[in-house]
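Novice: Can you read through this structure? Questions will come right after.
Here, each number is a calculation from the coordinates, and none is a lab measurement. Fair warning: this is a prediction, and the values are worked out from it, not measured in the lab. All Cβ positions, glycine included, derive from the backbone under ideal geometry; neighbour counts span all protein chains shown.
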Amino acid sequence: MGAGELGFSTRAIHGGKIPDANKSVVAPMYQTATFRYDTVEEGARLGAETGPGYFYTRWGNPTTDLFEQKMALLEGGEAALATSSGMAAIATAVMSLLRAGDHVVAPKAVYQATFGLFDSVLPGYGVEATFLDDPDVGAYERALRPNTRLLYIETPNNPLLGVIDIAGVVALARARGARTIADNTFATPYNQTPLALGVDLVCHSATKYLGGHHDVTAGVIVGSRDLIRGCVKTMRIFGGVLDPFAAFLLVRGLMTLGLRVERHNASALALARHLADHPKVARVHYPGLPGHPRHAVAARQMTRGFGGMLSLEVRGDVAAGARCVEALRVAKLAVSLGGVSTLVTHPASTTSVNMPREVRLAAGIADGLIRVSVGVEDLADLIADVDQALDRV
């Protein structure tokens, strides 16, 4: 059987191949910054990448190479590039596709650092961005300019779990000669494969679900060989290389990705349904609920489940939301997401505390909004924990 015919978890466990003279069941970790060569001719060949072998870890490393091979298999891409963080992946991908004078269209509700890249950094390099309040396909189309070169997609998005029609945006981009990049962090390749829908490059914060255990910081880009080759050149100059030990942790994490995401999907859906009927909850944002405004789109493009992320709006003011998260006993009050532990944030009192209230509310971040990254704990314990916390509101 070819790799493409194997199931998701089989590919995650057995996919990829790197040098291993001792036939280790667990792939060895090459914790080295550089590699020796026997002749100057060999060194010249390795430096010019005209044959197999490794030269310098910023150029490539077997452990990192294995993670990249697995990610290409799982996302359905020709190649992948690992980076030192999710933002290193996004910035590398974006900077590889854009030049001075170009224009980008992106949702306003994206990861904060991604927004900062488009809003604060790229204008200094002569690239303009238009931000969409409601990123449906029509909004993308209305924002197009003759110099639009990139349509950026994040779906589901942060923190309101909005959903974008990937295929619709891709069709629009192709008709106008623009590229597309999709942040697939929330969905994971288990639930959603944007490359299969025509996206040019997929990015992940591998810190989240791909690693899955809250112990690694990393990113990855997946796409065609030609586009990844361009990203490699950019990354080597910017220096956002992934450490081999982090790559080793990611290879380990991918082995259980399918199992973990199945549990995340099931528990998040059950918790969302429970909270939707709770008297102290005004609203639940989760693509798997029929009441989600783009549930049908999510059901079409998220083929195995709707992910482990949800947001709920507690009735009351900012203090009510803060009381709720501080009363949790199983879930942890912490930033980040996608790991085995349930993590919660209350943006109005933490990550968005410096944002003027009227601006925050206009962005959809209500006083009582709580973002939940549902872990793999027993569902009954999570429901009981949330219920007792809501009793304090």
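Novice: How high is the relative contact order of the chain, given as a whole-number percent (alpha carbon pairs under 8 Å, six or more residues apart)?
Specialist: 16 percent
Novice: Let me ask something additional. Would you mind checking region 13-50 for residues with the amide N under 12 Å from a putative spin-label position 7 Å along Cα→C-beta of Leu259?
Specialist: 13
Novice: While we're here: Between [x] 61, 59, 37; [y] 75, 54, 42; [z] 72, 52, 39, which entry matches Cα extents along the principal axes in Å as derived from the coordinates of this structure?
Specialist: Checked against the structure: label [z].
Novice: Among Val170, Val330, Val94, determine the one that fluctuates most according to a GNM of the chain built with springs between C-alpha atoms less than 10 Å apart.
Specialist: Val330
Novice: Which ordering of Met95, Met71, Met29 is given by a fewest-first count of other beta-carbon atoms within 10 Å?
Specialist: With the fewest neighbours first, Met95, Met71, Met29 line up as Met29, Met95, Met71.
Novice: Arranged from highest to lowest average of other beta-carbon atoms within 10 Å per residue, in what order do the peptides 350-363, 97-110 appear?
Specialist: Averaged packing, sorted descending, gives the order 97-110, 350-363.
Novice: Roughly how big is the chain's charge dipole about its Cα centre, with Cβ charges of +1 (Lys, Arg) and -1 (Asp, Glu), in debye to the nearest 20?
Specialist: 260 debye
Novice: Something else now. Over region 26-177, what is the mean sequence separation of C-alpha contacts under 8 Å (at least six apart), divided by residue count, expressed as relative contact order in percent?
Specialist: Dividing the mean separation by the residue count of region 26-177 yields 17 percent.
Novice: Further question: Can you tell which of Ser224, Ser267, Ser84 shows the greatest fluctuation in a Gaussian network model of the chain with Cα springs below 10 Å?
Specialist: Maximum among the listed residues: Ser224.
Novice: When a footprinting reagent is the concern and you count Cβ atoms within 10 Å, what order do Lys23, Lys70, Lys17 take, fewest first?
Specialist: Going from sparsest to densest Cβ surroundings: Lys23, Lys17, Lys70.
Novice: OK, next. So what's the gap between the Cα centers of region 320-393 and region 21-44, to the nearest angstrom?
Specialist: If we compute the Cα centre of each part, the gap is 46 Å.
Novice: Out of the DSSP beta bridges found with both residues in region 257-390, what percent are antiparallel (nearest 5)?
Specialist: Counting DSSP beta bridges with both partners in region 257-390, the antiparallel share is about 85 percent.
Novice: Can I ask one more? Determine which lysines satisfy two conditions relative to Lys233: a Cα distance under 27 Å, and not lying fewer than 8 residues away in the same chain.
Specialist: Lys17, Lys70, Lys208
Novice: Now, a different point. Restricting to DSSP loop positions (anything but H, G, I, E, B) with no more than 11 other Cβ atoms inside 10 Å of their own Cβ, which chymotrypsin sites (Phe, Trp or Tyr not before Pro) remain in region 167-249?
Specialist: none
Novice: Who wins for biggest fluctuation among Gly162, Gly76, Gly43 in a Gaussian network model of the chain, springs between alpha carbons below 10 Å?
Specialist: Gly43
Novice: Report, in whole Å, the centroid distance computed from the Cα atoms of region 144-202 and region 216-269.
Specialist: So the two Cα centres are separated by 18 Å.
Novice: Same structure again: With both bridge residues required to lie in the chain, what share of the DSSP beta bridges run antiparallel, to the nearest 5%?
Specialist: Within the chain, antiparallel bridges account for around 55 percent of the total.
Novice: Right, something else. Give me the percent relative contact order of region 316-393, please, defined on Cα pairs under 8 angstrom at least 6 residues apart.
Specialist: 43 percent
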